[in-house]
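**Student:** Structure incoming, see below.
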């Protein structure tokens, strides 16, 4: 009887252990499959989202060319801008566009001409400086062209640190590097900076800090989120002095601040 009992106990123990092993294997397989599936989908989705956002954002980002003339010299400065409004005109197939840029892009001395550049296939169109803000480095320009261009979608999501940030603009050489794309993340929000305004007075302005690379010519270009929405206007970057090595500290004016500065100068707000 004891022998039979021992055999039964042994059998039960084996069954129990086998059951535990089976359960553990099943759970592990399910978990591994879940993780592997989740990682694959996430990577693909991020890449698709980024490329889609870039395609959307580039359609509203343009170049700006300012030509200044003095008695002996001609100076050409370039920057970027983002189209925010499109209006029909009395002339068939022609549209008037309004774009946001930086004040320091268009506020040169002895300006002879202001132009926008829409890419190699379309070229240049004359533009007008509509308004620039004294305290904030924001300006509004307009131009008319016989072509339908897309306007930027303004940000509709909360801006969070660590979120993707896409910078689009035309650094260094307007035509050669037109609408260059760099990608980074939001490094900080509500960054306060004391600086001189257009009249030489000290004011405090608010910026988004990000690590997408920007250079001369990116000024006035857009900072976009992963949805292709405009979240800021790129303005400046922190540069080290002497042996200070400072990298990837770029700053943009939040679009809600920028838009409030110029909205009363749009045709439908006058």
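**Student:** Take the alpha carbon atoms of segment 103-155, find their center, do the same for segment 169-236, and report the distance between the two centers in whole angstrom.
**Tutor:** Comparing the Cα centres of segment 103-155 and segment 169-236, I get a distance of 16 Å.
**Student:** Just want the ordering: 250, 185, from fewest to most Cβ atoms lying within 10 Å of their own Cβ.
**Tutor:** Fewest to most other Cβ atoms nearby, the residues stand as 185, 250.
**Student:** Highest first, please rank the peptides 96-106, 115-125 by the mean number of other Cβ atoms sitting within 10 Å of their residues.
**Tutor:** 96-106, 115-125
**Student:** Output the relative contact order of segment 58-151, whole-number percent, from Cα pairs under 8 angstrom with separation of 6+ residues.
**Tutor:** 32
**Student:** Ranked by Cβ crowding within 10 angstrom, fewest neighbours first, how are 170, 90, 113 ordered?
**Tutor:** If I rank by nearby Cβ atoms, fewest first, I get 90, 113, 170.
**Student:** While we're looking at this one, here's another question. How long are the three semi-axes of the equivalent ellipsoid for segment 58-151, computed from the Cα gyration tensor as the root of 5 times each eigenvalue, in whole Å, largest first?
**Tutor:** 23, 15, 12
**Student:** Of all alpha-carbon pairs in segment 164-263, indicate the percentage at a distance above 23 angstrom.
**Tutor:** Pairs farther apart than 23 Å: 26 percent.
**Student:** Ranking 206, 195 by Cβ neighbours within 10 Å, fewest first, what do you get?
**Tutor:** Working: 206 15, 195 12.
Arranged by neighbour count, lowest to highest, 206, 195 become 195, 206.
**Student:** With the contact rule set at Cα under 8 Å and sequence spacing of 6 or more, what percent relative contact order holds for segment 89-230?
**Tutor:** 24
Readers should treat all values here as calculations from the given coordinates under stated rules, not as data from a laboratory. Just so it is clear, the model here is predicted, and its values are computed rather than measured. Methodologically, a virtual Cβ is constructed for each residue, glycine included, from the backbone with ideal geometry; neighbour enumeration extends over all protein chains shown.
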